[in-house]
2 protein chains.
Amino acid sequence: MNLLGIDHGGTSTKLLLVDDDSVVDRATVATGSFADLDELADGLLAFLAGRPVDRFGLTVAGTLDPVTQVVLSSANLRWLDGLAPAALLAERLGVPGTAVQDGAAAATAEARLGAGRGAEDVFVVALGTGIAGAHVMGGQVRAGAAGGAGEIGHLVVTDGPLCSCRQRGCLETAIGGVQLGARWLEAGGVWSGPGAPTAREVVTAAEGGDPTAVATLATATDALARALLHLLALVDPGLLVVGGGVASAPRWTVEPAVRRLRELATFHRVPEVRLAELGSWAGAHGAVLAAGAVG
Amino acid sequence: MNLLGIDHGGTSTKLLLVDDDSVVDRATVATGSFADLDELADGLLAFLAGRPVDRFGLTVAGTLDPVTQVVLSSANLRWLDGLAPAALLAERLGVPGTAVQDGAAAATAEARLGAGRGAEDVFVVALGTGIAGAHVMGGQVRAGAAGGAGEIGHLVVTDGPLCSCRQRGCLETAIGGVQLGARWLEAGGVWSGPGAPTAREVVTAAEGGDPTAVATLATATDALARALLHLLALVDPGLLVVGGGVASAPRWTVEPAVRRLRELATFHRVPEVRLAELGSWAGAHGAVLAAGAVG
């Protein structure tokens, strides 16, 4: 069976063509080159270049109505709101497809095909600009009664600043990629580069011996450890998989957080922690998995 | 089918004899009147007085090996440690039976037969001396990978004192029945009665207009709201059921906590909250449910 995975992100769109379990082709396209779903469909047809597809899966960076698959709220692609993108693409491609929330897609792929391969009970944390979490049991995300479960990024764990979710002190304000840069500047970090510093620049400064960057990362990883402690107490997952851009410097992020978690744990069982394996392709692989599940 | 539920607590043992869905008889016996399992078996045979039983279920206040049903650690009945009580009672009673952890038994009963009746996805919180939590999905407790899930009482939500679990600031130190009395005294509450005050006495003082008791309860219910907020973010349960002795004065405990929860919630969906219905018999009903599940 030929399956097409479309990871439709705010910045780039990743396409993955899979024949059973082997990748046939992949491509990354700037999302801005598609003004609407018709242009996205044109791009998909150009990528396929006549190769057959049986089903497709499309990620949506936002919330989806689980029944109608209408986009309720897309953070970065407002023009998607109110549309049922999978139905519209199915018409153009001539094959059935499905839409899936991007975080759930990436977590499912990491749990089933990536670092969680073979494990029954995996909690996946993605440390990016935003922070996503998903408990994947037997290959299925436990979405919660209203689709709201896994929001580890919005556990209040510091006395920190206002979050985009209107709480104060969320984990995301301590270790989200952009927020980490902001915390460094607030603490007196010196930055002369273009734009605002993000996690990568804070890590580079820490590697260069900048004590403010080292302290900012210590605060951030302490916050991550405290959020993970809540997770162990409430959910007790079998395996933790941590990915996302902030985790790409694990010596400064994931590793100290796990050491701190072991220090803080008392009755808690600290599970094995693995780094994610699929990187920026996790969402596209998750879209392929969703495509394969279409009846 | 005649089923016997035995809720073997540290202080009292509750016996419940059920014929299909109707209660035939019940009794409460001081646990101290049984020096060992043989004496417990004598007590059960006296209660049954020749009435037939097909299966029994026994709660254990502690941890159980899930495979061998050996008691690993019983908090209040040390003489149970290392024994397989269900196997020993089965020999004396001549019928098969099973052991079940007491908190899981009570939560399952509340979810299936009590306030959660008819709901698929229920989180049960028991506010007693200790605080227990359990997520019951389709009538089954989600125990976690190592049996450690649901520990809402040991989420760190205040700057408070040392907890029995060796963390500081656990929910239990703010609203556990005995701890609530201790917090009141520390804040300057005046108590001349025998023994130490517990939740009941703090509520009585608050009802009498004692401002220290009112403030202690406000701190406690704020802590409960913050712990529940973590639960909504990570688990997103469909229904909350709150019971235990501290919840028996809901105007001073559960109701202000839920009001505070609604104030604090931003993106979170606050589920319906119901008071538990089975009271101190929840564990015995859970033991009957476990008995019914014996093959």
How many partner chain Cβ atoms sit within 10 Å of a residue's Cβ in peptide B:264-277, on average, as a whole number? 2
The extension gain from A:E39 to A:R262, computed as 0.36 nm times the residue separation minus the Cα-Cα distance, is 75.3 nm
Can you give me the relative contact order of chain B as a percent, contacts being Cα pairs under 8 Å and 6 or more apart? 20 percent
Of all DSSP beta bridges in the range A:115-277, what percent run antiparallel (nearest 5)? 55 percent
Averaged over B:137-147, how many beta carbons belonging to a partner chain fall within 10 Å of each residue's beta carbon? 4
How would you order A:233-240, B:205-212 from highest to lowest mean count of nearby Cβ atoms within 10 Å? A:233-240, B:205-212
Could you give the dipole magnitude of the protein assembly as shown about its Cα centre, charging the beta-carbon of Lys and Arg +1 and that of Asp and Glu -1, in debye to the nearest 20? 720 debye
What's the local net charge at B:W79, with K and R +1, D and E -1, over the other residues with C-beta under 12 Å away? -3
Where both partners of a DSSP beta bridge lie in chain B, what percent of those bridges are antiparallel, to the nearest 5? 60 percent
Would you compute, from DSSP H runs of 4+ residues alone, the mean residue ellipticity of chain B at 222 nm, taking -39500 (n - 2.57) per run and dividing by the full residue count, rounded to the nearest 500? -10500 deg cm²/dmol
So the label point sits 7 Å from Cα along the Cα-to-Cβ vector; using that for B:E272, what distances do you get to the other copies, in nanometres, sorted shortest first? 4.2
Using the Cα gyration tensor of the range B:53-174, with a ≥ b ≥ c the square roots of its eigenvalues, what is the shape: rounded (a/c below 1.5), prolate (a/b larger than b/c) or oblate (neither)? oblate
Principal-axis tilt of helix A:177-186 within chain A, Cα atoms, nearest 10 degrees: 30 degrees
Antiparallel DSSP beta bridges within the protein assembly as shown, percent to nearest 5: 60 percent
Counting alpha carbon pairs within less than 8 Å and at least 6 residues apart, what relative contact order, in whole percent, applies to the range B:40-152? 18 percent
Counting residues in chain A as N, plug N into 2.2 N^0.38 Å and put the Cα Rg over that result. 1.02
Label 7 Å beyond Cα on the Cβ vector: B:A293 copy-to-copy distances, nm: 2.5
Place a +1 charge on the Cβ of each Lys and Arg in the range A:1-67 and a -1 charge on the Cβ of each Asp and Glu, then give the dipole magnitude about the Cα centre in debye, rounded to the nearest 20. 160 debye
Here the range B:29-37 yields Karplus 3J(HN,Hα) values (6.51, -1.76, 1.60; θ = phi - 60°; whole Hz; Gly and Pro given as x) of 10, 5, 4, x, 7, 10, 7, 7, 5
Taking N as the number of residues in the range A:115-277, what value does Rg over Cα atoms divided by 2.2 N^0.38 Å take? 1.01
Which whole number gives the average, over all residues in B:234-241, of C-beta atoms from other chains lying within 10 Å of the residue C-beta? 6
In nm², the average projected area of the convex hull spanned by the Cα atoms of the protein assembly as shown is 30.3 nm²
Just to confirm the numbers: B:G195, label point 7 angstrom along the Cα-Cβ line, distances to the other copies in nm, shortest first? 6.5
Between the range B:171-210 and the range A:152-224, what's the alpha-carbon centroid distance in Å? 41 Å
What order do you get for A:126-132, A:93-99 when each peptide is scored by the mean count of other beta carbon atoms within 10 Å, highest first? A:126-132, A:93-99
Taking the Cα centre of chain A as origin, work out the dipole magnitude from +1 charges on Lys and Arg Cβ and -1 charges on Asp and Glu Cβ, in debye rounded to 20. 560 debye
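Bear in mind these aren't lab numbers, they're just calculated from the coordinates by the rules spelled out. Small disclaimer: the values here were computed from a predicted structure and weren't measured. In this analysis, Cβ positions are derived from the backbone assuming ideal geometry, glycine residues included, and neighbour counts consider all displayed protein chains.
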